Protein chains: 2
Amino acid sequence: MFIETEGRFVTGDTPKSPRKRQARGRKRMAELLDAAAEVFAERGFTGATTNAIAARAGASPGTLYQFFENKEAIAESLMARYVERLREAHGAAFAPEVAKLPLDRMLDRVIDPLIAFDRAHPAFYALLADPDLSPELAGAKRPAQRVMFERIDAILEARAPDLPPAKRALTAQVAVHLFRGLLPLVMDATDDLPEVTAELKRALHAYLAPAIGEGPPE
Amino acid sequence: MFIETEGRFVTGDTPKSPRKRQARGRKRMAELLDAAAEVFAERGFTGATTNAIAARAGASPGTLYQFFENKEAIAESLMARYVERLREAHGAAFAPEVAKLPLDRMLDRVIDPLIAFDRAHPAFYALLADPDLSPELAGAKRPAQRVMFERIDAILEARAPDLPPAKRALTAQVAVHLFRGLLPLVMDATDDLPEVTAELKRALHAYLAPAIGEGPPE
DNA sequence: TTTAAATGCGAGCAACTGCTCGCGTTTTCA
DNA sequence: TGAAAACGCGAGCAGTTGCTCGCATTTAAA
């Protein structure tokens, strides 16, 4: 029926019978993903070694490959986990009511949790920012990009219903990239995080205000 | 006295005697850098193979390593070359007079050549965007970042002399990152390049206008 | 012309890395 | 309880990659 961890279908091939994971096995997978997050955050995707990930999790390479087809699959699973956590943790930031807030309030509600998430999960940022894996891991990155894009697009639709969809999509994409452009500053910030955050909001506010207005739509 | 291609000094060690390059040798170096630019653009830094670079230049690995200490040095030389070209080609975009233009004109003068340069030199973008090499190649990336930062900072100083230096530096850095954030869209754009460019300018205009005003300082 | 330095080659080394395979242990389930 | 399945190990394979080394050729200087 289905395959765990994004199993892929090969032409003319029935999907491999899904392996029945025991509680112990699922725990190991989680541990391996935790370890992978650490190593990816430290060395990036290409710099990370599957042996190192296994060792970090206190497991052997053989064990790792019992749960993940290959290195790429590890990153994919990790990204899937992040996307899931992002949805559940910050779906509230994009609740319908948010679209009715004044622009500055809205930005607070959207930006603050996102920054907190990125800073709490450096591997998420490392994988997203790494262009090496674009061809192979595009499939893993895309959902994460989608999450942000779609929700911002939805907010824009609520705020500026008259904006043509193409223009709205462009605006949403630009907004996402503006945010991501400042992420390096946000990630490196220490004492000056509040200032950098304020500047990020200022930039987004300035860009979005002409398109959707300062206040809520009447 | 000095060492070619960013020779480094090791503690308690006299710099290696600089090698006297012949015209033939300098030409080979240029060819190798051209080849490196192609391969870096196609595969990124880690994905690029020194053997592939040598082959692309019609040279052997041994020849390559006669001119470059190691793979990292290739990227460093290439970045140095780009920084030099950037300075000479677009120094005009940052001429003193530019600071006296209205903001939108100023952005045209600064942004258009930068976009043209980035699109003409994909390896430049590939190396700048690649986070893998951050630790090792930070030294090679920094000058490139500096070029943009310092000049924008200079413009800001001319336009808003009353802005505290710390605040001005932050604004300049944010502006650079906003630009870089939209670079992926700019690089991938085909038909819609004009729209993306316009959006980039819109964003920068909106962010900078409050700080330095629409028109030239009186 | 002589000679030392610069250029050039390419087989191949040493190290690394993703991943496998054989085998032993633990858990599930009938 | 017994077998099948899941879990676990780690030595090590196969492939890759940055880089070297011995040697040949070309060029610059004396």
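The values are calculated or read from the model by the stated rules, or taken from the named source; none is laboratory data. Bear in mind that the values here come from a model prediction, so they are computed numbers and not experimental data. Here the Cβ positions follow ideal geometry from the backbone for every residue, glycine too, while neighbour counts run over all protein chains shown. To get the accessible areas, we keep the full protein, side chains included, count just its heavy atoms, and leave off ligands, DNA and RNA. Shrake-Rupley method; radii C 1.70, N 1.55, O 1.52, S 1.80 Å.
Step by step: first the residues of segment B:33-58, then only those that are more than 11 Å from DNA strand D (Cβ to nearest atom) and farther than 27 Å from B:Pro184 by Cα, then the one that is nearest to the other protein chains (Cβ to nearest Cβ). Which residue is that?
The extreme case among them is B:Ala57.
Looking only at segment A:56-95, filter to residues that are aromatic (Phe, Trp, Tyr) and in a helix (DSSP H, G or I); which one of those is most open to solvent (accessible area, probe 1.4 Å)?
A:Tyr65
Could you list, in sequence order, all residues of segment B:37-55 that are farther than 20 Å from A:Phe45 by Cα, open to solvent by 60 Å² or more (accessible area, probe 1.4 Å) and within 12 Å of DNA strand C (Cβ to nearest atom)?
Within segment B:37-55, B:Asn51, B:Ala55 meet the criteria.
Since A:Val98 meets every condition but one in (1) more than 16 Å from DNA strand C (Cβ to nearest atom); (2) open to solvent by 40 Å² or more (accessible area, probe 1.4 Å); (3) of a type in the set (Val, Ile, Thr), which condition does it not meet?
So the condition that A:Val98 fails would be (2).
Which of the numbered conditions does A:Ala158 fail, given that it passes all the others? Conditions: (1) of a type in the set (A, V, I, L, M); (2) over 24 Å from B:Val186 (Cα atoms); (3) buried (at least 16 other Cβ atoms within 10 Å of the Cβ).
The one condition A:Ala158 does not meet is (3).
For segment B:44-60, how many residues meet the condition of being within 15 Å of B:Pro122 (Cβ to Cβ) and modelled with pLDDT under 95?
Residues in segment B:44-60 being within 15 Å of B:Pro122 (Cβ to Cβ) and modelled with pLDDT under 95: 3 in total.
Please find, within segment B:202-218, the residue that is farthest from the chain's Cα centre (by Cα) out of those that are more than 10 Å from chain A (Cβ to nearest Cβ) and surrounded by fewer than 20 Cβ atoms within 10 Å (Cβ to Cβ). Before you say what the answer is, go through the steps one by one.
If we filter segment B:202-218 for residues that are more than 10 Å from chain A (Cβ to nearest Cβ), which is where we start, we get B:212-218.
Next, from what is left, pick out any that are surrounded by fewer than 20 Cβ atoms within 10 Å (Cβ to Cβ): B:213-218.
On the way: B:Gly213: 28, B:Glu214: 28, B:Gly215: 29, B:Pro216: 28, B:Pro217: 29, B:Glu218: 33 Å.
So the residue we want is B:Glu218.
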